[in-house]
Amino acid sequence: MVRELRSVAEVRAACGDDDLPVWVAQDLTGGARAWALGQAVVSAAPEVSRRDRIGVWGDPADAVELVRHALAEMGPSYRPFGEAGLMAEVAAKIDGLEVAGGFSWMSLPGGPGAAGQAPAGDAVEWLGGDAEGEVSALLAEHAPTSYAVPGAPGVRRWAGTRVRGRLAAVAADAWSAPSVGLLAGVATAAPLRGRGLAERVCRWVSERLVAAHGRAALMVDDDNPAAIGVYERLGYRRMRVLATHVR
């Protein structure tokens, strides 16, 4: 029987504290919900990283029933996603559910030395609200597809580094859950790429996300090997995922 999970602690216990469904559950407020069945868990939240999402974890047979249940409860705008092999099986068994595309979910566990040792160099800091225009301009020109933008719901704060006074690279703390901080909105001005600025900012933000939430995660396109390499150097572990949607 499908069991609704009423607290973040219940979600963490039911899925073995897997960071993907725990992140999607957010803090189980604002319309977010979660359920368990057998050896599977799904969590759902509206407008988390700009999508109505369902995070899927566990045994494929149980997950199929949970995804059906979650879609019936939450509606067809929700997009189930999870580990690629699991979601391929789920999509094959639910009529009308199609694979929308793949990307990677990357996780940084907590503990001493998470994100490694920051090299000396340009300072990184949290940016004040008066810098939002600069962040918006940098993203519009150099990362126009970024889901995280200043002022968007769930985008909490921006960090950045400057070169000769000009904002050069940024990253955001966005859509973080109580026990999973999310790194998003990573961008570097094109003329300054290749100098390690994005890596410096991501390391700095990742350290603070781990300190605040216990661990960090991010989403990255599979056709961006340069970014994936940066995140792997920082200690992030990669899992390929598939997102699905209702036809």
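Summary of computed values
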item	result
Where a residue in segment 74-97 is on the phi < 0 side of the Ramachandran plot and its partner, wherever it lies, is at pLDDT 95 or above and of a type in the set (S, T, N, Q), with Cβ under 8 Å and at least six apart	Arg79/Thr244; Pro80/Thr244; Phe81/Thr244; Met87/Thr244; Val90/Thr244; Ala91/Thr244; Leu97/Thr244
Some residue of segment 143-152 being farther than 18 Å from Leu127 by Cα, exposed (fewer than 15 other Cβ atoms within 10 Å of the Cβ) and β-branched (Val, Ile, Thr)	yes
Answer residue from segment 114-137, given it is modelled with pLDDT of 65 or more and not hydrophobic (A, V, I, L, M, F, W, C) and is surrounded by the most Cβ atoms within 10 Å (Cβ to Cβ) among those	Glu134
Filter result (farther than 20 Å from Ala184 by Cβ, open to solvent by 30 Å² or more (accessible area, probe 1.4 Å) and in contact with a Lys or Arg (Cβ under 8 Å, 6 or more places away or on another chain)) within segment 84-109	Glu98
Subset of segment 54-71 [surrounded by 24 or more Cβ atoms within 10 Å (Cβ to Cβ) and either among the acidic types (Asp, Glu) or without any contact (Cβ under 8 Å) to a residue 60 or more places away in the chain (or both)]	Ile54, Gly55, Val56, Trp57, Ala63, Val67
Filter result (within 21 Å of Asp52 (Cβ to Cβ) and charged (D, E, K, R)) within segment 74-108	Arg79, Glu83, Asp95, Glu98
Residue in segment 207-214 that is in a loop (DSSP other than H, G, I, E, B), surrounded by fewer than 20 Cβ atoms within 10 Å (Cβ to Cβ) and at pLDDT 95 or above present	yes
In segment 72-83, the residues that are over 22 Å from Phe103 (Cα atoms) and crowded, with 19+ Cβ neighbours inside 10 Å	Met74
In segment 1-44, residue farthest from Ser77 (Cα to Cα) [restricted to those that are of a type in the set (Ser, Thr, Tyr) and part of a loop (DSSP other than H, G, I, E, B)]	Ser7
Residues of segment 202-242 satisfying the condition of being among the aromatic types (Phe, Trp, Tyr) and under 16 Å from the mean Cα position of the chain (by Cα)	Tyr231, Tyr236
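The values are calculated or read from the model by the stated rules, or taken from the named source; none is laboratory data. Here the structure is a predicted model, which is why all the values come from computation and not from measurement. FYI the Cβ positions are ideal-geometry reconstructions off the backbone, even for glycines, and counts take in every protein chain you see. Please note that ligands, DNA and RNA were not included when accessible areas were found on the heavy atoms of the full protein model with its side chains. Shrake-Rupley method; radii C 1.70, N 1.55, O 1.52, S 1.80 Å.
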